[in-house]
Amino acid sequence: MEYTRLGRTGLRVSRIGLGCMSYGAAAAGMHRWTLGEDDAAAFFRQAVDLGVTFWDTANVYQGGTSEEYVGRAITRFSRREDIVLATKVSGRMHDGPGGSGLSRRAILEQADASLRRLGTDFIDVYYVHRYDEQTPVEETMSALHDLVRAGKVRYLGASSMWAWQFAKMQHAAVVNGWTAFSAMQDQYSVLKREEEREMIPMCLDQGVGLTPYSPLAKGRAARPWGERTARSSSDTVAETFDRDADQAVVEAVERVAGARGVPMARVALAWVLSRPVVSCPIVGATAPHHLQDAVAALDLRLTDEERAELENWYTPQDNYWW
C-alpha cells in the first residue's frame, strides 16, 4: 500500500479507500444489493490486511446500518487509531427538523447520531453530502467549525456540488476564520470527467484533495461493454448514469488492458490514480478481487500513449452526479 497526505493537510491516508456503501442491511435503504454484516466482514478484514485504512461511509447508507457495520468492524479487525474514518451529512434520516439538510440543527444532531452508530468519539473526515440551497452557507460552515472545535470532527470535506457552490462555502469559512474543506468527494472516472472543467482546477489551486467515488464508473469501466453483473442488473441508481457514448471509452480500456495483460479495473483505476489532484479513490468491494485489483493498480504506470488512448474517446455530457 502507498500512503499520501489528504490535500495540503497533514492527514496521512491510504491511496485506496474502502467504500462502505456496499455494506448495510438490504431492507433498510434504497439499494437491495448491499452485503449483510456477516458477508461484509471478509472485506473489512481484507482491507486491513492490504493496508487500506481510509474507510468511507455515510449516515444515509442503508438507513445508518452501514455506519453500524463499519464501527463494529473497526473494533473487530483493527484499532480506531489505525483507521481514517469518513462519513457524511445532508441526506434524509427522518422527517424532523434535524433529519436532513445542512442547518445547524441537522448538522449537530446527525453528527452525534453518526458517532453513536460508529461507536467512536470522533470522525476524521466529515463530508457535507450535497449542497443545501435552503440553508445559508454561513450557518453550515459555522456549525461544522463548532464540531471541529469540540473535537468531534478532525477535517471537513464536501461532495458533489457545483464549483461555485463549493467556492461560496469555502469563502464563508475563510473570511470568518472557520475551518475550510480539505477534501472533495465527487464522481470521477475515465467515463465521468466533467469535473475537470471547474471543480478539479479549483481543488488544485486551493490544495483540496480529491477522494473520488465510483472511480470505475460503477463497474462500467471494469468489464467489457454490455457485460452484466448481479449488481448492475439490479442497481437502478447506477443505470441512470449509462449512456451509449461510453462504449468507445470502455472499449479503449479493454484494449489497453488486453495489451498489458491485466484486468480492465486495474487500468481504469490506474488512470484515476495518475491524476495529480487525486489523494484517495473510493473503491466499493463486493468480490475478493475488487480490492486486490485496486491495490495492484498502484504499481501500474500508464504511458502517455495509453493515457491518450483512454482519454481521446471521451465526449462532453450533461451533469449526472446529484
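A few points about this structure:
- Between Asp112, Asp121, Asp132, the distinction of being in a loop (DSSP other than H, G, I, E, B) and surrounded by fewer than 15 Cβ atoms within 10 Å (Cβ to Cβ) belongs to Asp121 only.
- Residue in the stretch 52-65 that is under 19 Å from the mean Cα position of the chain (by Cα), at positive phi, of a type outside the set (S, T, N, Q) and open to solvent by 10 Å² or more (accessible area, probe 1.4 Å) present: yes
- Residue check for Asp95: among the charged types (D, E, K, R), farther than 24 Å from Arg32 by Cα and without any contact (Cβ under 8 Å) to a residue 60 or more places away in the chain: no
- Taken residue by residue, the stretch 232-253 has at least one member that is modelled with pLDDT of 95 or more, surrounded by 17 or more Cβ atoms within 10 Å (Cβ to Cβ) and over 23 Å from the mean Cα position of the chain (by Cα).
- Taken as a whole, the structure places Arg104 among residues that are in contact with an Asp or Glu (Cβ under 8 Å, 6 or more places away or on another chain) and open to solvent by 10 Å² or more (accessible area, probe 1.4 Å).
- Summed over the stretch 81-109, the residues that are over 19 Å from Cys20 (Cα atoms) and assigned to a loop (DSSP other than H, G, I, E, B) give a count of 10.
- Residues of the stretch 139-155 that are part of a helix (DSSP H, G or I) and of a type outside the set (Gly, Ala, Ser): Glu139, Thr140, Met141, Leu144, His145, Asp146, Leu147, Val148, Arg149.
- Candidate set from the stretch 156-197 (those that are open to solvent by 60 Å² or more (accessible area, probe 1.4 Å) and not in a loop (DSSP other than H, G, I, E, B)); member that is farthest from Gln317 (Cα to Cα): Asn176
- Once the stretch 1-46 is narrowed to residues that are in a helix (DSSP H, G or I) and in contact with a helix residue (DSSP H, G or I) (Cβ under 6 Å, 6 or more places away or on another chain), the residue that is most open to solvent (accessible area, probe 1.4 Å) is Arg45.
- For the stretch 203-219, filtering for residues that are more than 14 Å from the chain's Cα centre (by Cα) and open to solvent by 30 Å² or more (accessible area, probe 1.4 Å) leaves 3.
The values are calculated or read from the model by the stated rules, or taken from the named source; none is laboratory data. Treat the numbers as computed from the prediction; the structure is a model and nothing was measured. Heads up, the Cβs are rebuilt from the backbone with ideal geometry, glycines too, and the neighbour counts pull from every protein chain shown. In case anyone asks, the SASA skips ligands and DNA or RNA and just uses the protein heavy atoms, side chains included. Shrake-Rupley method; radii C 1.70, N 1.55, O 1.52, S 1.80 Å.
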